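Notes for the one structure printed next.
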Amino acid sequence: TICERCNTFLTAEALDELSETVRFHMEVTGVNGADEAVNSGYVTLKIYFDVIADETNDKAEYNSDVLANIYGINLGLVYDNESFELTDVTVAPGLFAKASFTEYEMANEDGTIRIAQEMGGNSAKVFRGEDNLFATLTFMVDKDAEAASETFALNECAIAHPEENAADGDEVTVVKENETTVSSVEIEVLNLGDANGDGKHDIHDSLVLRDYIMNAELDTEYMTVYDMDKDGDIDFIDLDLLRQAIVGN
């Protein structure tokens, strides 16, 4: 407790030293932030990490004040390279400006990308709290991708921390392999234009889409599979494109 007048401690309580845990998690969205993706569309994958109190510590009040000194991050991500093509990687500006990652062509050959950054020398950056953005990845969905549930998974997570009780001149960092719970996310890939979900493109799909457009004021939920031009609006332009696709197979 601190005196409001003289700003001196009246009472103090010593808290146990905390051990932080760093956990990664991911969020994935399709075109225009939709929950689903469509073939010939794109997918946005965001990788975050949370700094939390050690799992063995059940004091909830510690969580907001736990700090992590991170000397480096090394991640490996796997994806289905037959359905997805990696087209862009953007690391969090400033914080991870020196991050390196696998070249797109090489990543797409085997469906694996590695993203890593060492903070440089003996320096570290301090992080706290949840949802610290590490990187944003963009994938194009193959136009011939089949409707299916697809998975993006972190297959390697390594964090470099300061070595405990290191003397001057000693190695100051230690890499903790698999410190985090390996994270994965799934997204449903739908067949663009298959409005009724029967796996075919025919007049029944155009009727479903027409009814949706005519009654848009009654059903405002964005339906990725209806948005043929992927502009975020579902209108008669999409209906015309679908009809052309049906006629032209």
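The values are calculated or read from the model by the stated rules, or taken from the named source; none is laboratory data. What you see is a predicted model, and the numbers here were worked out from it, not measured in a lab. Virtual Cβ from ideal backbone geometry, glycine too; neighbours counted across all protein chains shown. For accessibility, only protein heavy atoms count, side chains too; no ligands or nucleic acids. Shrake-Rupley method; radii C 1.70, N 1.55, O 1.52, S 1.80 Å.
Of the residues 186, 150, 156, only one is at pLDDT 90 or above, part of a strand (DSSP E or B) and open to solvent by less than 70 Å² (accessible area, probe 1.4 Å); which? Even if it seems obvious, please write down each step before you answer.
Values: 186 fails: open to solvent by less than 70 Å² (accessible area, probe 1.4 Å); 156 fails: at pLDDT 90 or above.
Residue meeting the stated conditions: 150.
Criterion first (modelled with pLDDT of 55 or more, open to solvent by less than 50 Å² (accessible area, probe 1.4 Å) and over 17 Å from the mean Cα position of the chain (by Cα)) does residue 145 satisfy it?
Criteria met by residue 145.
Considering the range 189-223 alone, what residues qualify as being in a helix (DSSP H, G or I), in contact (Cβ under 8 Å) with a residue 40 or more places away in the chain and open to solvent by 50 Å² or more (accessible area, probe 1.4 Å)? Working first, answer last.
Narrowing the range 189-223 to residues in a helix (DSSP H, G or I): 203-214.
Now drop any that are not in contact (Cβ under 8 Å) with a residue 40 or more places away in the chain, which leaves 203, 205-206.
Matches in the range 189-223: 203 only.
Which one is nearest to residue 147 (Cα to Cα) among residues in the range 224-238 that are surrounded by 18 or more Cβ atoms within 10 Å (Cβ to Cβ) and of a type in the set (A, V, I, L, M, F, W, C)? Give the derivation first.
In the first step, residues of the range 224-238 are kept if they are surrounded by 18 or more Cβ atoms within 10 Å (Cβ to Cβ); the result is 224-228, 234, 238.
Going one step further and asking which of them are of a type in the set (A, V, I, L, M, F, W, C), we end up with 225, 228, 234.
Values: 225: 11, 228: 16, 234: 21 Å.
This residue is 225.
Out of everything in the range 99-126 that is closer than 17 Å to residue 69 by Cβ and either outside any strand (DSSP E or B) or touching an Asp or Glu at 6+ places or on another chain (Cβ under 9 Å) (or both), what residue ends up being least open to solvent (accessible area, probe 1.4 Å)?
As a first pass, look at the range 99-126 and keep what is closer than 17 Å to residue 69 by Cβ: 117-126.
Pick out the ones that are also either outside any strand (DSSP E or B) or touching an Asp or Glu at 6+ places or on another chain (Cβ under 9 Å) (or both) and you get 119-124.
On the way: 119: 18, 120: 37, 121: 75, 122: 113, 123: 55, 124: 39 Å².
Restricting to residues being closer than 17 Å to residue 69 by Cβ and either outside any strand (DSSP E or B) or touching an Asp or Glu at 6+ places or on another chain (Cβ under 9 Å) (or both), the top hit is 119.
Within the range 63-99, can you find the residues that are touching a Gly at 6+ places or on another chain (Cβ under 6 Å) and hydroxyl-bearing (Ser, Thr, Tyr)?
Selection gives 79 alone.
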